[in-house]
1. Looking at region 13-39, which of its residues are modelled with pLDDT under 95 and of a type in the set (S, T, N, Q)?
2. So, in region 125-146, of the ones that are assigned to a strand (DSSP E or B) and hydrophobic (A, V, I, L, M, F, W, C), which residue ends up modelled with the lowest pLDDT?
3. So if I check each of Ser124, Ser71, Ser88, which one is closer than 23 Å to Asp38 by Cβ and surrounded by 21 or more Cβ atoms within 10 Å (Cβ to Cβ)?
Amino acid sequence: MGTTNLTGPLVIGDRPTTAANANQGFVYLAQSFLVSRDATLVQTNSINLPINSQIVEIYADVLTPYDSATSATLTVGSAAAGIQYVTSGNAKSGGRNTTAHNAAQVTAMANIGTNTGLFATITSVGQPNVGLVRVTVQYIQTTAQD
């Protein structure tokens, strides 16, 4: 299947924001990627988001629960092992983990500025033999003035 690339931000609606009954809004986007267990206790994978994006939500779908001895903790941030967006997700429990965000994280998610890298890290206590997590990031590409 082919794709279409746009440089965005993409705005939809037939009445501009200067109109009394404006109805324009930015398009809601998503990217997802996998973090898979390996022969180390820490696994990281990353994606890049457009400059000035607003992160709306981060989901962690534990497709294969980590079988590490004690814990397998997911963090999401602007660097490997960072906690700017998610402090603690459980990669030992299967299913969808909706992530909780504190006030500082919500503020950081409101506009990522030029720090476009988003890193998901899983840190295990006890070497896992299996483990696979799909991280999905929902975001809005905005302009610097938004």
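The values are calculated or read from the model by the stated rules, or taken from the named source; none is laboratory data. From a predicted model like this one, the values you see are computed outputs, not experimental measurements. Virtual Cβ from ideal backbone geometry, glycine too; neighbours counted across all protein chains shown.
1. Thr17, Thr18, Asn21, Asn23, Gln24
2. Within region 125-146, the first condition is being assigned to a strand (DSSP E or B), and the residues that meet it are 125, 132-140.
So of that shortlist, the ones also hydrophobic (A, V, I, L, M, F, W, C) come out as 125, 132-133, 135, 137, 140.
Working: Val125: 97, Leu132: 98, Val133: 98, Val135: 97, Val137: 97, Ile140: 94.
Only one residue fits best here, namely Ile140.
3. On the way: Ser71 fails: surrounded by 21 or more Cβ atoms within 10 Å (Cβ to Cβ); Ser88 fails: surrounded by 21 or more Cβ atoms within 10 Å (Cβ to Cβ).
Result of the check over Ser124, Ser71, Ser88: Ser124.
Quick grid of which residues meet (1) over 18 Å from the mean Cα position of the chain (by Cα); (2) over 17 Å from Thr142 (Cα atoms):
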position: Gly2; (1), (2): yes, yes
position: Gly8; (1), (2): yes, no
position: Gly13; (1), (2): yes, no
position: Gln24; (1), (2): yes, no
position: Val27; (1), (2): no, no
position: Ser32; (1), (2): no, yes
position: Gln54; (1), (2): no, no
position: Pro65; (1), (2): yes, yes
position: Ser68; (1), (2): yes, yes
